[in-house]
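**Student:** Just dropping this structure here.
Please treat every number below as a calculation from the coordinates, not as lab data. Predicted model, so just to flag it, every value in this text is computed and none were measured. Here the Cβ is made from the backbone with ideal geometry for all residues, glycine too, and neighbour counts use every protein chain on show.
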Amino acid sequence: MAKVVKSICQMCGTTYGACGIDVHVEDNKIIKIEGTKGHPVNDGRLCAKGLAAVQLVYDPNRLLYPMKRINKRGEGKWQRISWDEAMDTIVTKLKGIIASDGGRAISWLKGQAPGWESNWDYCQRFMNAIGSPNIVTHGHNCHQARVIGHAYTHGIMTDYDYANTRCILLWGNNPVIRSMSGVAPRIMKAKQRGAKLIVIDPRFSRIAAKADIYLQPRPGSDGALALAMLNVIIGENLHDKEFVDKWTYGFDKLSELVKKYPPEKVEEITWVPADTIREAARVFATTKPAILHDENGIDQQPNVVQTTRALSILRAITGNLDVPGSNVLNPEAPPFRKTADMTLRKRAPEDTPKAFRESISKHPIYYATFYLSVPELIDAILTEKPYPIKAVIVQGMNPAIISSNTKRVREALRKVDFLVVFDPFPTATAELADIALPAANFLERTLLTKFPGDAKFRVDGTYYQLMPKVVEPPGECKSDYDFISELAHRLGYGEAFPWKSVEEAIDYELKPICLSCKELKDHPEPIIKYRYSPQELYRKYEKFFSLPSLPDKKVALYSTAFERLGYDPLPTYVEPGESPISRPDLAKKYPLVCMASIKPGLYTHSQFRSLPWLKEIMPDPWIEIHSEKAEELDIKDGEMVVVESLRGSIELKCKVVDTMDPRVVAITHGWGNPYVEPQPVTNILTPSEIRCPVSDAESNRCFLVKVTKKHRR
């Protein structure tokens, strides 16, 4: 008999979507997926990849059984083995490493695919139980560098009160692609009420087409643009003097810094007209309340943390922080989260806690925020400094494609003694593994959803919903929880996972807020656990300004915390390491500024490119070139071109556009998995040596290339 199971879509990750879905099931087979009407996030709307999730479960390319490599890494020859043999092999190897080198010689790479909520907690719990400080994510190039910029300016990242705002500034943020069913409709409703919309993006996006003011900066120059806007706001006394005087530290020093960035000078840096800079600054400062919503377009630049600090300062000095209709300090953020701590992480108040000192990391602030970056792990494997990493476990991540300078990444993965990959598909990273294990996807296991980030559809409450197992996983696929818990027990750390099931683990986590897994199952819609009054929700300055990141207990226009650690205390702009300005010599051979930044809304990172419905719409990667530059290079729309950087070259199909500066090109991200068909890996071109000094963020969004027409023989 057919039934409908209500769940949450995870095709783009719950951080950005958390769209409600109705999954139609008959005889343990999913026959259709629709958006849940009335769900507060998407109200029945669902994007193409959400609809295509029905094909995810039954994709014939899936990894269904544990596999053991039987030849050289990357040659693609495997032998099917049992779970017992796979786990015995892994446990024997890890126990030997722990005995000889300690738990620190084991590293765990956690990716987006398994979700960023309870599964992330279980991963941390396991690693902290075995005594390894070397937990790795891709956060250095996605989100976490901006977390630092927010935290060391106004204490924490913010939610966005779209329901009450009068002005929206989207910076490096394209919600029509990134959050089509959630954030984008909220912005359009605000526009319908008369809210102003300012969009800043090197590519003229679909949301930019709706903007009242559009600014198109040169990739990597966002920090200079922000300082020019601050120059206008402070110079014309448009800042909120009362808030600045009472709640900020270092305004005099900031004022001196921004004097160096008048709009005319910054026009030369950013290519944005000075008059447009002034107009955007004035509208944002005077149309209150306002939201500044920066996103992933700011990431993957070597100046990302200081750029984010400048954007956070723009919010603060205009009085658009933690008031109705503005950027609202997240009332559920640590250390105020009320659910149980699932990570076993010991947070020390000092700048360099014991775990950081024992890790391979060189970035104390980033480590305290989100453990290690991928580049730090690659450095340690290749150099064996500060000590060798002997084993790497990869959970739902594909660094062989998504990481910068993938040739170097693959060299490191080939070198490491023991590599385990746990993933639903035989990815490019799995191809290099010693053991590849089959993972269940989001429709085949139970997970708690806490509506983080943009997924929070209202700013005045806390919400929970269960993502239940809808169907049994195919073959011998296991859930993330079952794999991690079993591994802990087999290694002798079972006390860290005392629960008999994931449902019991969820009950443990929710017990402090008097909520249970059964209650969530019985009420499949989002449960509003707590609704904040305006007095509780807004103007929470004293709580957040007492965090260790703000030692002066005010908005840090000048960060004494940064100063103590040897970082620039002011949000000074630093030119990207590979640009026409910093490397005019290199620009003679590679004259175009490139962004490896196009993330098509049909896909997420390197996932889903074998799903027929999506593949039919968007089968190939591409490069976007302005029509003027294409004519100069004698390139026509649809032709193949060669794109070359210092690190290598690839061939891509050309799309001729009029939506970028003629001096800029953009290429797509995420193709290249071996189980689809041969496709170029665009991150072969991107640099790994140019990094942010605070977060280790790399320079995928601003490097130099040349483009030539491919000539047939």
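**Student:** Kindly write out, for the stretch 63-79 in residue order, the coupling ³J(HN,Hα) from the Karplus curve 6.51 cos²θ - 1.76 cosθ + 1.60 (θ = phi - 60°), rounded to whole Hz, with x marking Gly and Pro.
**Tutor:** 7, 10, 9, x, 10, 10, 5, 10, 8, 5, 4, x, 8, x, 10, 9, 10
**Student:** Give me the orientation-averaged projected area of the Cα convex hull of the chain, in nm², one decimal.
**Tutor:** 29.3
**Student:** Measure off 7 Å from each Cα along the Cα-to-Cβ vector at Lys511 and Lys77, then give the distance between these two points in nanometres to one decimal.
**Tutor:** Computed distance between label sites Lys511 and Lys77 equals 5.2 nm.
**Student:** If I take R0 = 56 Å and measure r between the Cβ atoms of Asn164 and Ala99 in this structure, what FRET efficiency does the formula 1/(1 + (r/R0)^6) give, to the nearest 0.05?
**Tutor:** Result of the calculation: an efficiency of 0.45.
**Student:** Grab the other residues whose beta carbon is less than 9 angstrom from that of Gly149, score K and R as +1, D and E as -1, and report the net.
**Tutor:** Local net charge: +1.
**Student:** Just flag the GluC sites (Glu not before Pro) in the stretch 192-271 sitting in loop per DSSP whose Cβ has no more than 13 other Cβ atoms within 10 Å.
**Tutor:** Passing sites in the stretch 192-271 are Glu236.
**Student:** How far apart, in nm, are two points set 7 Å out from the Cα along the Cα-to-Cβ line at Met618 and at Lys32?
**Tutor:** Rounded to a tenth, the inter-label distance reads 2.6 nm.
**Student:** Rounded to the nearest 5, what % of DSSP beta bridges with both residues in the stretch 584-709 are antiparallel?
**Tutor:** Numbers: 17 of 26 bridges.
Percentage antiparallel, nearest 5: 65.
**Student:** Filter the trypsin sites (Lys or Arg not before Pro) in the stretch 64-124 to those in DSSP coil with at most 11 other Cβ atoms within 10 Å of their Cβ, and list the result. All intermediate terms of the calculation are to be shown ahead of the outcome.
**Tutor:** Working: sites: Lys68, Arg69, Lys72, Arg73, Lys77, Arg80, Lys93, Lys95, Arg104, Lys110; in loops: Lys72, Arg73, Lys77.
Sparse-neighbourhood loop trypsin sites (Lys or Arg not before Pro): Lys72, Lys77.
**Student:** Kirkwood Rh, the stretch 3-57, all Cα pairs: how many Å?
**Tutor:** About 11.0 Å for the stretch 3-57.
**Student:** In the stretch 605-638, which trypsin sites (Lys or Arg not before Pro) are in a loop and have at most 14 other Cβ atoms within 10 Å, using DSSP for the loop call?
**Tutor:** Lys636
**Student:** Can you give the extra length, in nm with one decimal, that the chain gains between Tyr65 and Tyr387 once fully stretched, where that is 0.36 nm per residue apart less the Cα-Cα distance?
**Tutor:** Taking 0.36 nm per residue and subtracting the Cα distance, the gain is 112.5 nm.
**Student:** Expected output is a single nm value to one decimal: the length gained when fully extending between Glu677 and Ala48, i.e. 0.36 nm times separation in residues minus the C-alpha distance. What is it?
**Tutor:** Working: separation 629, 0.36 × 629 = 226.44 nm, distance 2.16 nm.
Net length gain for the segment: 224.3 nm.
**Student:** To the nearest 0.05, how large is the calculated FRET efficiency for Asp585 and Lys253 if R₀ is 35 Å and r is the Cβ-Cβ distance?
**Tutor:** The computed FRET efficiency comes out at 0.50.
**Student:** With Cβ to Cβ distances under 12 Å as the rule, what net charge do the other residues near Val394 carry (K, R +1; D, E -1)?
**Tutor:** Values: positive: Lys110; negative: Asp423, Glu431, Asp434.
Around Val394, the surrounding residues sum to -2.
**Student:** Counting DSSP beta bridges in the chain, what percent are antiparallel, to the nearest 5? Intermediate values should be presented prior to the final figure.
**Tutor:** Numbers: 44 of 88 bridges.
In the chain, approximately 50 percent of DSSP beta bridges are antiparallel ones.
**Student:** May I ask you to evaluate 6.51 cos²θ - 1.76 cosθ + 1.60, the Karplus curve with θ = phi - 60°, for each residue of the stretch 437-450 and list the ³J(HN,Hα) values in order in whole Hz, giving x for glycine and proline?
**Tutor:** Couplings: 10, x, 9, 6, 9, 5, 8, 10, 7, 9, 8, 8, 10, 10 Hz.
**Student:** Could you work out [θ]222 nm for the chain from helices alone, using -39500 (n - 2.57) per DSSP H run of at least four and dividing by all its residues? Round to the nearest 500 deg cm²/dmol.
**Tutor:** Mean residue ellipticity at 222 nm (helix-derived): -8500 deg cm²/dmol.
**Student:** Between Lys246 and Ser649, what is the spin-label point distance in nm, taking each point 7 Å from the Cα along the Cα→C-beta axis?
**Tutor:** For Lys246 paired with Ser649, the spin-label model returns 6.3 nm.
**Student:** In the stretch 1-153, what is the count of Lys pairs whose alpha carbons are under 29 Å apart, counting only pairs at least 8 residues apart or on separate chains?
**Tutor:** 26
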